[in-house]
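The values are calculated or read from the model by the stated rules, or taken from the named source; none is laboratory data. These numbers were taken from a predicted model, which means no experiment stands behind them. Glycine also receives a Cβ, built like all others from the backbone with ideal geometry; neighbour counts cover every protein chain displayed. The protein model used for the area step is the full one, side chains on, heavy atoms only, and it has no ligands, DNA or RNA in it. Shrake-Rupley method; radii C 1.70, N 1.55, O 1.52, S 1.80 Å.
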Amino acid sequence: MKLVTYFQNQNHNLGIIINDTVYNLTALNEAIPNSLLALLQSGEGAMAMVREVEIGLVTGKIKAEGIPY
């Protein structure tokens, strides 16, 4: 799992990189914090949500547009 913080549309976002594409985690699940620090402070429950999004993106169960990395 590769997590990144990136700047887009005047906002800092927390993203995940899958197949050279960055996906906005908070856009895919509003319960996921929008910063890496907040995610780490939120504990295992938040990381479990990130893993669920990752699996959904990899398996195609979640359809989303990302930005090229």
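Annotations
- Residue match in region 48-56 (condition: touching a Pro at 6+ places or on another chain (Cβ under 8 Å) and of a type outside the set (Ser, Thr, Tyr)): no
- Residue in region 46-57 that is more than 12 Å from the chain's Cα centre (by Cα), open to solvent by less than 90 Å² (accessible area, probe 1.4 Å) and not acidic (Asp, Glu) present: no
- Under the condition of being of a type in the set (S, T, N, Q), more than 12 Å from the chain's Cα centre (by Cα) and over 17 Å from Leu36 (Cα atoms), the residues counted in region 8-24 number 3.
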